[in-house]
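The values are calculated or read from the model by the stated rules, or taken from the named source; none is laboratory data. Remember, predicted model here, so these are calculated numbers, not experimental data. All Cβ positions, glycine included, derive from the backbone under ideal geometry; neighbour counts span all protein chains shown.
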Amino acid sequence: MNIQQSTLWGVLIVIFMLPPRVNAQEVDHWETILAPGRTCKYLVPSSPVDASWTDPGFDDNAWTTATGGVGYGDDDDNTTISPAISVYCRYDFFVTSPEIIADLILDMDFDDGFIAYLNGTELARYNMGEIGSATTWDQPSDGLHEASLYRGLEPDRFFLQETVLTLLNAGNNILALEVHNESTTSSDLSANPYLHGGIIYPGNHFSPTPSWFYPPFSADSTLLPLIVIDTDGMQIPDEPRITAQMKLINNGPGMYNATGDPGNGYDGQISIELRGESSLGLYPKKSYSLETQTATGENNNVSLLGLPVENDWILYAPYGDKSLIRNVLSYSVFEQMGHYAPRTRFVEVVVNGDYLGIYILTEKIKRDQNRVDMAKLLPGDIAGNELTGGYLLRIDKLSDLADYEYWTSPVQPTLPDYRRVTYQYFDPDYSELNETQRKYIRDHMLEFETALVSKNFKDPSQGYRAYLDMPSFLDMTILNEFTKDVDAFRLSHYFYKQKDSDGGKLVMGPPWDYNLTFGNNDFLEDTHEPTNWMHTFPITIYWWPRIMEDSWFRRELQCRWDELYSTVLSSDHLHGFIDSTKVVMGASIPRNFKRWPVLGTYVWPNSYVGSTYSDEEWFLRNWIDDRLEWLNSKWGGVCWPLADDSEQAIPRPESVRVYPNPSDLSHAYVDLNGFMGSELTIRVFDMSGRVVFHSVADYAAGEFAYALPDLSFLPAGIYTLEITGGEQERALCKMIRE
């Protein structure tokens, strides 16, 4: 039997904007054929431009001679013009022997949209409509796009088809460029082209490449699984999504995977777009949101690399987190505590032939039996028990939200300096809810907060405990304080209201966006230090400091800490998890940092800058050990007995999950997050405590998604699965045989 671990796997993503090519001759080195600083002819038009303006023979004597690039604003232009809706530029360059060039790359630093032409033929475009479509001089760009180089980022890269090489003349050539603004009132416009050539022979033929230039990476064959995505020439936008084709290649452990191999894990349509807020504008390494689709664009629920079937996925790009694992580690810890957290797989990504390093394939947060397991709220659920759940809410930034998509609580916190809570409808979102349902969840949150700020807030039946799922609230408190997330208790905070027949409580989680954790931030004086609290900052949600006033909760928190400190949050266990991630990523780590040479360089908001990956890894390890020691000095060893036998202790959640669940148990899986390599004992108990199945299996650390044996012989009912291993590892969960 093969036991596999949910967070530890790899896949290489290859996204081609244009069909891949194999050149007959290998590139010896790269040189820059054309760049800003060269003389060009430009025109700021006030009427239609001659249709032949892109041709080599066009008479541009009436155009203005200048030093490129041409634009205004941001101090990134060699020639400054007055604000305009567009500017047209022609660069001539000389090529003595086109046959020495085996490859071409266009790097464009622009604002806001452009089309580039070589000797009259279109090369690339962005934010300017469909490929090959006509444009007008006064046409605004399709959207905003900020130039990159003046912000210390790399320009956008466009790999060109092999057939473009046939356009090069032995002699004079013309690169024509039209750049369009989003509006005439825009504060900037940038038009900076860089044309690079892959040169076959040694020697200098053109100019050296800029310091930021990186050559294409060869990653056609890897031990990691591969995903190949073909966007059919379209650039991946922020929104809306574009359709593409994707195939997943996974030839098995120890087997090489190549881009030309058949798609044996997935082969079909997807839609894809950029995702992120701060990271999208700051980091050149972009994250993506994708959906697996049928050929007609409908949802296509599939399993990717052993993850439960779904159609919505995230490709998260670790960039400022140079350990590459802070999200993976944080989600895994919460899952090991016994709650749902997004499952992850390490991946490698190549976009449009451009290797982009290590990514993390992540489940998107949404209602689903195998994700956020709450009742599905239907449009007709407007009364009784059906109206009561489930509602997945979020507390986060209000970026791009209309005012009706969120509401601010009327309840004023009893604690000074704390603000009222603003809630967002998430799943279902505002448009998917009717007004009866929106009013119900608003009223329910009002009832909860009213109980929380009341004088009787500690009362088990009348206070906050009547509303909160205490196991998840307790463990979210510990997770956020352990990671010392700067967004903890205030941003990217998800929770959901269960249907009354399912308990009716507010369940905390899933966790999301933990890249600025474990000391990886420089926002405030001590948020990067492994000491002090996060929940006491007045900018946080006031629930936590208020509930900390209850001695019952503090006792339960300290008791839960003692339990976790010896298991999930033990130093040895966490170091073992980090060890296993390094094994999985392997040779992809240096490849990632060759592509993104950020080691030894400050990337917002690093508090620590290591010169090697080992430095970053050991900073993380040492920070974790110091944080554990500090927390244990505050919470550890003071778990006292219940003062009153009538008080009820918080029940402990299950430590692993089975999926699908319920099922006929013929093809069920279990995630063993954090288990170290050992011989495992698997036992299944019925409701009377009788062992109905027993087995022993070897487990290799770093594997995921353990396939349980066929248990369909069991009668319908509820069972307990127990898995035990070395170093006192033990996992429990419930299984339902339909």
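For the range 320-368, filtered to residues that are of a type in the set (S, T, Y) and touching a helix residue (DSSP H, G or I) at 6+ places or on another chain (Cβ under 6 Å), the residue that is surrounded by the most Cβ atoms within 10 Å (Cβ to Cβ) is T344. For first residues located in the range 531-550 and basic (K, R), partners that are part of a loop (DSSP other than H, G, I, E, B) and surrounded by 20 or more Cβ atoms within 10 Å (Cβ to Cβ) and lie 6+ apart or on another chain with Cβ distances below 9 Å form the pairs R546/P413. Just give me the residues in the range 352-399 being polar (S, T, N, Q) and either more than 21 Å from Y316 (Cα to Cα) or touching a Cys at 6+ places or on another chain (Cβ under 9 Å) (or both), in sequence order. Selection gives Q369, N385, T388.
Among the residues of the range 686-723, write down those that are in a strand (DSSP E or B), modelled with pLDDT of 80 or more and more than 17 Å from R657 (Cβ to Cβ). If you could, list the steps in order and put the result at the bottom.
Start the filter on the range 686-723 by keeping residues that are in a strand (DSSP E or B), which leaves 691-699, 706-707, 717-723.
Going one step further and asking which of them are modelled with pLDDT of 80 or more, we end up with 692-696, 717-723.
Correct list: V692, F693, H694, S695, V696, G717.
Under 20 Å from L168 (Cα atoms), small (G, A, S), modelled with pLDDT under 95 and assigned to a strand (DSSP E or B): is that true of A24 in this structure? Give the derivation first.
Details: under 20 Å from L168 (Cα atoms): yes; small (G, A, S): yes; modelled with pLDDT under 95: yes; assigned to a strand (DSSP E or B): no.
Against the criterion (under 20 Å from L168 (Cα atoms), small (G, A, S), modelled with pLDDT under 95 and assigned to a strand (DSSP E or B)), A24 does not qualify.
Given the structure, is Q336 over 27 Å from K247 (Cα atoms) and touching a residue at least 40 places away in the same chain (Cβ under 8 Å)? Criteria met by Q336. Here Y126 fulfils each of the conditions (1) buried (at least 18 other Cβ atoms within 10 Å of the Cβ); (2) closer than 19 Å to Y42 by Cβ; (3) in contact with a Pro (Cβ under 9 Å, 6 or more places away or on another chain) apart from (2).
Within the set S611, S607, the sole residue that is free of Cβ contacts under 8 Å to residues at least 24 places away in the same chain, assigned to a loop (DSSP other than H, G, I, E, B) and either of a type outside the set (A, V, I, L, M, F, W, C) or on the phi > 0 side of the Ramachandran plot (or both) turns out to be S611. Filtered by the rule that a residue be touching an Asp or Glu at 6+ places or on another chain (Cβ under 7 Å) and acidic (D, E), the range 180-230 gives E182, D188.
Can P379 be described as loosely packed, with under 15 Cβ neighbours inside 10 Å and modelled with pLDDT under 95? In short, no. Can you confirm whether the range 592-603 contains a residue that is closer than 30 Å to S461 by Cα and assigned to a helix (DSSP H, G or I)? Taking every residue of the range 592-603 in turn, none turns out to be closer than 30 Å to S461 by Cα and assigned to a helix (DSSP H, G or I). Selection within the range 667-682: residues that are modelled with pLDDT of 80 or more and assigned to a loop (DSSP other than H, G, I, E, B). The member of this set that is nearest to A731 (Cα to Cα) is A668.
For G68, the requirement of being out of contact with any helix residue (DSSP H, G or I) (no Cβ under 9 Å at 6 or more places or on another chain), in the same structural domain as S186 (by TED's automatic domain parsing) and at positive phi is not met.
Could you check the range 232-338 for strands (runs of 3 or more DSSP E) lying wholly inside it with 2 or more residues that are closer than 24 Å to Y494 by Cβ?
On the way: elements: 242-249, 266-275, 287-293, 312-316.
So the answer is 266-275, 287-293, 312-316.
If only one of F537, F518 is surrounded by 17 or more Cβ atoms within 10 Å (Cβ to Cβ) and at pLDDT 95 or above, which one is it? Result: F518 is the single residue among F537, F518 that is surrounded by 17 or more Cβ atoms within 10 Å (Cβ to Cβ) and at pLDDT 95 or above. Flag set for L160, criterion: among the hydrophobic types (A, V, I, L, M, F, W, C), at pLDDT below 95, more than 22 Å from N78 (Cβ to Cβ) and crowded, with 20+ Cβ neighbours inside 10 Å.
Among the criteria (1) farther than 30 Å from D75 by Cβ; (2) surrounded by 15 or more Cβ atoms within 10 Å (Cβ to Cβ); (3) out of contact with any helix residue (DSSP H, G or I) (no Cβ under 7 Å at 6 or more places or on another chain), the one N172 does not fulfil is (2).
Output yes when any residue across the range 470-482 is in contact (Cβ under 8 Å) with a residue 24 or more places away in the chain, out of contact with any Cys (no Cβ under 9 Å at 6 or more places or on another chain), within 24 Å of R560 (Cα to Cα) and part of a loop (DSSP other than H, G, I, E, B), and no when none is. Show your work before the answer.
Step one: filter the range 470-482 for residues in contact (Cβ under 8 Å) with a residue 24 or more places away in the chain, giving 470-482.
Then keep just the ones that are out of contact with any Cys (no Cβ under 9 Å at 6 or more places or on another chain); that gives 470-482.
Those left that are additionally within 24 Å of R560 (Cα to Cα): 470-482.
Right, trim to part of a loop (DSSP other than H, G, I, E, B) and you get none.
Checked against the condition, which is being in contact (Cβ under 8 Å) with a residue 24 or more places away in the chain, out of contact with any Cys (no Cβ under 9 Å at 6 or more places or on another chain), within 24 Å of R560 (Cα to Cα) and part of a loop (DSSP other than H, G, I, E, B), the range 470-482 yields no hits at all.
Which of the residues that make up the range 508-533 are in contact with a helix residue (DSSP H, G or I) (Cβ under 9 Å, 6 or more places away or on another chain) and among the aliphatic types (A, V, I, L, M)?
Residues of the range 508-533 that are in contact with a helix residue (DSSP H, G or I) (Cβ under 9 Å, 6 or more places away or on another chain), as a first pass: 508-520, 528-533.
Listed by number, the residues that qualify are M508, L516.
Only one of the numbered conditions (1) surrounded by 14 or more Cβ atoms within 10 Å (Cβ to Cβ); (2) in contact (Cβ under 8 Å) with a residue 24 or more places away in the chain; (3) in contact with a helix residue (DSSP H, G or I) (Cβ under 9 Å, 6 or more places away or on another chain) is not met by Y406, and that is (2). Using the structure shown, decide if G380 is of a type in the set (G, A, S) and under 30 Å from K322 (Cα atoms). Spelling it out, it is not the case that G380 is of a type in the set (G, A, S) and under 30 Å from K322 (Cα atoms).
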